[in-house]
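Heads up: the structure comes next, in structure tokens.
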Ligand SMILES: Cc1cc2nc3c(=O)[nH]c(=O)nc-3n(C[C@H](O)[C@H](O)[C@H](O)COP(=O)(O)OP(=O)(O)OC[C@H]3O[C@@H](n4cnc5c(N)ncnc54)[C@H](O)[C@@H]3O)c2cc1C
């Protein structure tokens, strides 16, 4: 009988495994794939650093991956862009995150959890579960096709967008307004900014799509484009042809990639924003993407995965110490993770629903009342617990909504196809 079985060895699963193994729990990770394996989600947020310290992987990460000091968002028309640095966030204590090749990052974290004492079974797929009052039985199949059953007191689902338990209990609720499609690949010889700006995630925002450029190593850059699923379908193109066409059509992207060569296959992902109606049951918790996923635009996925896995591991550890507290602890866990996911959902809604106004306000940061610093802090992964951040975010959203009617900030042509409403200084990246 294991204390805890974890489905999935991605960042959520390995984080929880390390914390539980450190706490002396008998923990097993069941991972379908053999690592390293490709995964998307390459740009991290600074607020995961405190968890990396707790796991004891900070030095390994420093050695293996490029730092990320902030980002740049540019209107697709090219008339305006803005760079932000995590050091300038509201009461910032962390100036950097990492840009990671996920195959290596996920393997590093999973190997680490094994070193700390978790049992890790790769190429082991969870097929079904049987829940009883005192534990869970899990049917697994290994790479040779052999089936077996293991038993645990608690089950933590970190199966990612597979959402194993969410599907099992029919809990999954998709966000219809966020049904997006993205195509992406790795390239070499993509133009980089000089100096430390070479580490920034760079985004180019058009009216109906946005692009990312994420430097992964000195040579390699991840490039992707996100649009409505309906827009992708209407293009009637394969992912390869679509990525090539969308890049070629976008002048800033075409310029930055004029010498670039694709060095990976083209991947795609669609219809990915959802949340499960509840994040816990009597004997189980959901963490990471298995709990919910909110659009990739602000690179919050791995941060949310690691944050929720850390909370889930602590919650289960406490429940193992005192079973009577379980129900209260599990409810508290769900509330807290849902609250943080809501912060990003509000942000993402503003980005898509008020896209133009969002960009007009975002690309004109002022020091007034430190609003830009608060937005920057949330972009870094600050949960916005402090009232000082909350009210500044409310003011930011107020400006984004009101910008529609009052133009507090200069009007912008976002897309090349759009007419510039008023003359703007050309080429200004502030
Ligand atoms: C287009 C796109 C771009 C993104 N960009 C970013 C970004 O820049 N930054 C960022 O932070 N996030 C980004 N994300 C989100 C990020 O990919 C995820 O949030 C993150 O990987 C979640 O980690 P996880 O551990 O919860 O799940 P995963 O990393 O998906 O791990 C789940 C694991 O569970 C295993 N598994 C699944 N089913 C089973 C089973 N039945 N049995 C055993 N094992 C199983 C899988 O093999 C997998 O290894 C992006 C997502 C998309 C779709």
ask   = With labels modelled as points extended 7 Å from the Cα through the Cβ direction, what inter-label distance (nm, one decimal) is found for residue 327 paired with residue 395?
value = 4.5
request  = Multiply the residue separation of residue 385 and residue 58 by 0.36 nm, subtract the distance between their alpha-carbon atoms, and state the gained length in nm to one decimal.
outcome  = 115.2 nm
query = Where does helix 239-249 land angle-wise versus the long Cα axis of the chain, in degrees 0 to 90, nearest 10?
reply = 30
key: Helical contribution to [θ] at 222 nm, DSSP H n ≥ 4, -39,500 (n - 2.57), averaged over the chain, rounded to 500   = -11500 deg cm²/dmol
inquiry  = How high is the relative contact order of region 180-270? Use alpha-carbon pairs under 8 Å, at least six apart in sequence, and give a whole percent.
reply    = 45
key: Ratio Rg/Rh, restricted to region 10-132 and using Cα atoms, in which Rh is the Kirkwood radius   = 1.08
query = Between residue 131 and residue 238, what FRET efficiency follows from the Cβ-Cβ distance if R0 is 56 Å, with the result rounded to 0.05?
reply = 0.85
query = How high is the FRET efficiency from residue 261 to residue 179, r the C-beta distance, R0 41 Å, rounded to 0.05?
reply = 0.80
ask   = Expressed as an acute angle from 0 to 90° and rounded to the nearest 10, what is the orientation of the C-alpha long axis of helix 387-406 relative to the principal long axis of the chain?
value = 40
remark   = The exposure ranking of 27, 297, fewest beta-carbon neighbours within 10 Å first, is 297, 27
note = Most exposed first, judged by fewest Cβ atoms within 10 angstrom, 170, 137 run 170, 137
key: the chain: relative contact order in percent, alpha carbon pairs under 8 Å with at least 6 residues between   = 23
query = So what's the projected area for region 137-294, the Cα convex hull averaged over all directions, in nm²?
reply = 12.8
request  = On a C-alpha basis, how far is the centre of region 15-45 from the centre of region 357-397 in Å? Whole number, if you could?
outcome  = 32
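Pairs of alpha-carbon atoms within less than 8 angstrom and 6+ residues apart define the contacts here; what relative contact order does region 106-244 have, in percent?
Computed value for region 106-244: 15 percent relative contact order.
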Helix axis angle, 11-22 relative to the chain longest principal axis, alpha carbon, degrees = 40
task = Give the span of the chain's Cα atoms along each principal axis, as three whole-Å numbers ordered largest to smallest.
result = 69, 46, 41
ask   = How many nm is it between the label spots at residue 93 and residue 111, if each spot is 7 Å from the Cα in line with the beta carbon?
value = 3.1
note = Quarter of the surface of the C-alpha convex hull for region 225-288, i.e. direction-averaged projected area in nm², equals 6.8
message = Assuming 0.36 nm per residue, please report the length gained on full extension of the stretch residue 172 to residue 123 beyond their Cα-Cα distance.
response = 15.1 nm
task = Give me Rg over Rh for region 246-374, both radii from the alpha carbons and Rh done the Kirkwood way, two decimal places.
result = 1.11
message = So if each residue of separation counts as 0.36 nm, and I subtract the Cα-Cα distance between residue 217 and residue 230, what length gain in nm does that give?
response = 1.3 nm
message = When 1/r is averaged over all different Cα pairs and the result inverted, which Kirkwood radius in Å belongs to region 180-270?
response = 13.2
message = Using Cβ counts within 10 Å as a stand-in for footprinting exposure, how do 257, 369 rank, fewest first?
response = 369, 257
request  = State the dimensionless ratio Rg/Rh of region 111-230 (Rg: radius of gyration of Cα atoms; Rh: Kirkwood radius).
outcome  = 1.12
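Only the coordinates and a few stated rules stand behind these numbers; no lab work does. Everything numeric here is computed off the predicted structure, so don't read it as measured data. Methodologically, a virtual Cβ is constructed for each residue, glycine included, from the backbone with ideal geometry; neighbour enumeration extends over all protein chains shown.
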